[in-house]
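The values are calculated or read from the model by the stated rules, or taken from the named source; none is laboratory data. In this text, all values refer to a predicted model and were calculated from it rather than measured experimentally. Virtual Cβ from ideal backbone geometry, glycine too; neighbours counted across all protein chains shown.
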Amino acid sequence: MSHVSLLPAVKFVNVVLAIEDAAVVGVVLNLTVWFVLHVLFAHVAEVRAGPLRWFSPEGLDPWALALALLAGVLILVGLRAWPARRT
């Protein structure tokens, strides 16, 4: 019996992997929000109030918004045109 097959039975390993997954999802979500704000808006100001920090976007770029919407539509159309292979 290999050591890898015993890992699901160890509760501590499952908890550590769940925490790691949550951290990775948080980082990816944070980067997604940052990139969307800085691509779609001309100016993004950082506002601070004590320990809190958030971004205040100004000046929506209509060309960037149109391009992002077009890309999303093309991705969805492409996914419908080429369904996943079933084996």
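Please name all residue pairs, on different chains or six or more residues apart, with Cβ atoms under 7 Å, provided the first residue is in segment 49-77 and is on the phi < 0 side of the Ramachandran plot and the second residue is among the β-branched types (V, I, T) and loosely packed, with under 10 Cβ neighbours inside 10 Å.
W54/V47; S56/V47
Just to check your reading of the model, which residue among V44, V24 is in contact with a Pro (Cβ under 6 Å, 6 or more places away or on another chain), of a type outside the set (S, T, N, Q) and not in a loop (DSSP other than H, G, I, E, B)? Show your work before the answer.
On the way: V24 fails: in contact with a Pro (Cβ under 6 Å, 6 or more places away or on another chain).
That would be V44, the only listed residue that is in contact with a Pro (Cβ under 6 Å, 6 or more places away or on another chain), of a type outside the set (S, T, N, Q) and not in a loop (DSSP other than H, G, I, E, B).
Listed here are the residues, each with its yes/no results for (1) among the hydroxyl-bearing types (S, T, Y); (2) at pLDDT 90 or above; (3) surrounded by 10 or more Cβ atoms within 10 Å (Cβ to Cβ).
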| site | (1), (2), (3) |
| --- | --- |
| M1 | no, no, no |
| F12 | no, no, no |
| H38 | no, yes, yes |
| P57 | no, yes, yes |
| P62 | no, yes, no |
| L69 | no, yes, yes |
| R80 | no, no, no |
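Which residues, counting only those in segment 51-87, are under 13 Å from H38 (Cα atoms), assigned to a strand (DSSP E or B) and charged (D, E, K, R)?
Residue satisfying the conditions is E58 alone.
Anything in segment 42-55 that is over 18 Å from the mean Cα position of the chain (by Cα) and surrounded by 11 or more Cβ atoms within 10 Å (Cβ to Cβ)? List them, or say none. Write out each step before concluding.
Residues of segment 42-55 that are over 18 Å from the mean Cα position of the chain (by Cα), as a first pass: 42-53.
Listed by number, the residues that qualify are A42, V44.
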